[in-house]
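Structure incoming, see below.
The numbers here are math on the coordinates, done by the rules we state, and not lab data. Everything numeric here is computed off the predicted structure, so don't read it as measured data. Cβ placement follows ideal geometry from the backbone for every residue including glycine, while neighbour counts extend to all protein chains displayed.
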Amino acid sequence: MTPPAIPRAVTAAARRRRGVLLLIDVLMAVLALAPLPARSFGADAAGQALLQEVDRILQPESYEMYRKLINIEPDGSRKEWVLYSLKKGKDKLVALFLSPASDKGRVTLRLGDNMWLYIPNVGKPIRITSLQSVVGGVFNNADILRLDFAVEYDVEKLEDAGKEHLLSLKAKTGAVAYDRLKMWVDKQRKFPTRIEAYAASGLLIKTLYYKEPKDLGDGVVRPSVVETDSPLYKGYRSILIWAKVKPRPLADELFTLDAMGRINELR
């Protein structure tokens, strides 16, 4: 019996992924044999290719997902939210709050560097900033509505850190929440294990830990838990748990101020 044909889109996607991984491996081999300055073409090309692969694994191009956000205070008390989110491309995200009842129906929208909060029965959406937090805790709005890393950061340096790569990233503009990131990336699975976020002064703002890798429903193994703490908020922790990811084609019209009050209709 002749086996069923594999759809061209699937084989093309597989070839592209193999090509990206091959490029990363080849450039890393070249760098290992002939160390180059941090801003050399080889380091930049390998680092940028790795960062783009990290983005591809962490977030599909267009998808819907469910997440739980937990804030834990020093006394152990906690507050939880459930969010339904949609993402399209590299810079369009929207999140609907499903619980608790006090926040149900709220929507946050991000278009590039611009963010808004919609509150039912209040009126027009309100402008918010990346460093604010609509839920309090250690996660800010930029963490909850995160763009692809390659959209906001350039790779300054790529280093070997044993079983991990270490990427040093610099924000492309002053509108980005963190001026610099240090990102440790698992060499085999190509996703972060830890990220340190710094201000322009060099102050460590927070550390994010990527844990519990699993398939969330789209065939890609990625961390399902992101936990963060901060030396600025001693004893406080915030946790983001990914429960489900489903690739889904989405229209641009969904990511507009006028559509914020209708996001619940898409579930």
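Hey, got a sec? Which GluC sites (Glu not before Pro) in the range 192-263 land in a DSSP loop and have at most 15 other Cβ atoms within 10 Å?
Loop-located and lightly packed - none at all.
Sticking with the crude label model, points 7 Å out along Cα→Cβ, report the distance from LEU111 to GLU80 in nm, one decimal please.
3.5 nm
With θ set to phi - 60° and the Karplus curve 6.51 cos²θ - 1.76 cosθ + 1.60, what are the ³J(HN,Hα) couplings of the range 116-125 in order, to the nearest whole Hz, using x for Gly and Pro?
9, 10, 10, 10, x, 6, 9, x, 5, x
Binning at 5 Å from 0, report for the range 155-238 what percent of all alpha-carbon pair distances ends up in each bin.
Answer for the range 155-238: a P(r) of 3, 14, 20, 22, 20, 14, 6, 1, 0 percent.
Hey, got a sec? Which trypsin sites (Lys or Arg not before Pro) in the range 197-251 land in a DSSP loop and have at most 10 other Cβ atoms within 10 Å?
Passing both the DSSP loop test and the Cβ count: LYS234.
Further question: Taking N as the number of residues in the range 202-267, what is its Cα Rg relative to 2.2 N^0.38 Å?
Expressed relative to 2.2 N^0.38 Å, the Cα Rg reads 1.55.
Separate question: From the phi angles alone, apply the Karplus equation (6.51, -1.76, 1.60; θ = phi - 60°) to the range 211-225 and give each ³J(HN,Hα) in whole Hz, x where the residue is Gly or Pro.
9, 6, x, 6, 7, 9, x, 10, x, 10, 7, 8, x, 9, 9
Multiply the residue gap between LEU254 and SER99 by 0.36 nm, knock off their C-alpha separation, and tell me the result in nm, one decimal place. Show your work: numbers first, answer last.
Working: separation 155, 0.36 × 155 = 55.80 nm, distance 2.14 nm.
Fully extending the segment from LEU254 to SER99 adds 53.7 nm.
Using alpha carbons only, what's the Rg to Rh ratio of the range 171-215 with Rh from Kirkwood?
With Rg and the Kirkwood Rh in hand, the quotient comes to 1.06.
Could you work out how much longer the chain between LYS157 and TYR236 gets when fully extended? Use 0.36 nm per residue separation minus the Cα distance between them, nm to one decimal.
Difference between extended and current length: 25.3 nm.
Right, another one. Between ILE126 and LYS172, what is the spin-label point distance in nm, taking each point 7 Å from the Cα along the Cα→C-beta axis?
3.0 nm
If you don't mind, another one. Can you classify the range 53-133 as rounded, prolate or oblate using the Cα gyration tensor, where a ≥ b ≥ c are the square roots of its eigenvalues, rounded means a/c under 1.5, and otherwise it's prolate if a/b beats b/c and oblate if not?
Taking the square roots of the gyration eigenvalues as a ≥ b ≥ c, the range 53-133 is oblate.
Calculate the spin-label point distance for ALA243 paired with LYS187, positioning each point 7 Å from the Cα along the beta-carbon direction, and give it in nanometres.
Using points 7 Å along Cα→Cβ, the separation is 3.8 nm.
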